[in-house]
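Computed from the coordinates by the stated procedures, all read-outs in this text should not be read as laboratory data. Predicted, not measured: the structure shown is a model, and the values here were computed from it. For neighbour counting, all protein chains shown are included, and Cβ atoms are generated from backbone atoms with ideal geometry for every residue, glycine included.
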């Protein structure tokens, strides 16, 4: 909730949280936002026309998968959440879904024009993720890593929320896990450290949404850091948050989606 930080964790450090999403699959599917059309426009500039093969890593219930499909690409999608994939399959046809971790998944070598990961790359050890993506890509293929970052709520909302968190969950009064995708985060450095990809281009897409207090709490229920704290403390916290924010009616929440894109080295 506070402003941005330059302290970030990745993959192995957060691995105890990565399995929380399937337990809240229905809520995740209902409230997690889609990705901006402009992002897929930018991907199309390098991927090309319909028919190209795309591997999506960490598809969840299909928030980014739908945008990839809309371009006419052939999508293979992998995610460890069986319930999440089941929800994606109810509305997305023509996708080759696999319930698996990317670490154990065996993509066909040199098949894909694009490997894409939306809001999932930070869960994977970079010593595994980047080499496996490189192996899966065709010569001249591209790796795209992107994620939403919720920005702090309006100051008047922060003012009423801070004492609640101070009393119930001070450990959660910090930037969310999604802050990993900010420009000051580690993504560009990890690309460079892999030695497998060319220069990284970065682009941010700003957008906003209006949500009620109840809607805001529903979003919090899908966050991994909330779902690893004890249930009784989590329920008390979320009840107090919803009660405190109800006075504002709808909140205007700002978000940024950050895309990192690089070509496989020849």
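Within the listed set 98, 148, 122, the residue fluctuating most in the Gaussian network model of the chain (springs between alpha-carbon atoms under 10 angstrom) is 98. Provide the FRET efficiency to the nearest 0.05 for the residue 27-residue 70 pair, computing r from the beta carbons and using R0 = 35 Å. With R0 = 35 Å, the Cβ-Cβ based efficiency is 0.90.
Please compute the contact order of the stretch 184-266 in relative form: average sequence separation of alpha-carbon pairs under 8 Å and at least six residues apart, divided by the residue count, as a percent.
Numbers: 85 pairs, mean separation 44.5, N = 83.
Across the stretch 184-266, relative contact order equals 54 percent.
Helix 155-168 and the long axis of the chain differ in direction by around 80°, with both axes built from C-alpha atoms. Taking other Cβ atoms within 10 Å as a rough exposure proxy, 217, 57, 99 sort from fewest to most as 99, 217, 57. Between helix 231-245 and the chain there is an angle of about 70 degrees, using the helix long axis and the longest principal axis of the Cα atoms. Against the main long axis of the alpha-carbon atoms of the chain, helix 37-47 sits at an angle near 20°.
Got the relative contact order for the chain handy, in percent, Cα pairs under 8 Å and 6 or more residues apart?
On the way: 494 pairs, mean separation 65.6, N = 266.
Value for the chain: 25 percent.
The antiparallel fraction among DSSP beta bridges confined to the chain stands at about 55%. Here is how the number arises for the chain: DSSP H runs of 4 or more residues each give -39500 (n - 2.57), the sum is divided by the residue count, and the result at 222 nm is -10000 deg cm²/dmol.
Each of 261, 161 has some number of other Cβ atoms within 10 Å of its Cβ, and from fewest to most they run 161, 261.
Normalised by the number of residues in the stretch 137-232, the mean separation of alpha-carbon contacts (under 8 Å, six or more apart) gives a relative contact order of 23 percent.
Volume per residue of the convex hull around the Cα atoms, evaluated for the stretch 83-190, comes out as 167 Å³.
Hull volume per residue, based on the alpha-carbon atoms of the stretch 148-266 and their convex hull, is 114 Å³. With a simple spin-label model that places each label point 7 Å from the Cα along the Cα-to-Cβ direction, the separation between residue 231 and residue 96 comes to 4.0 nm.
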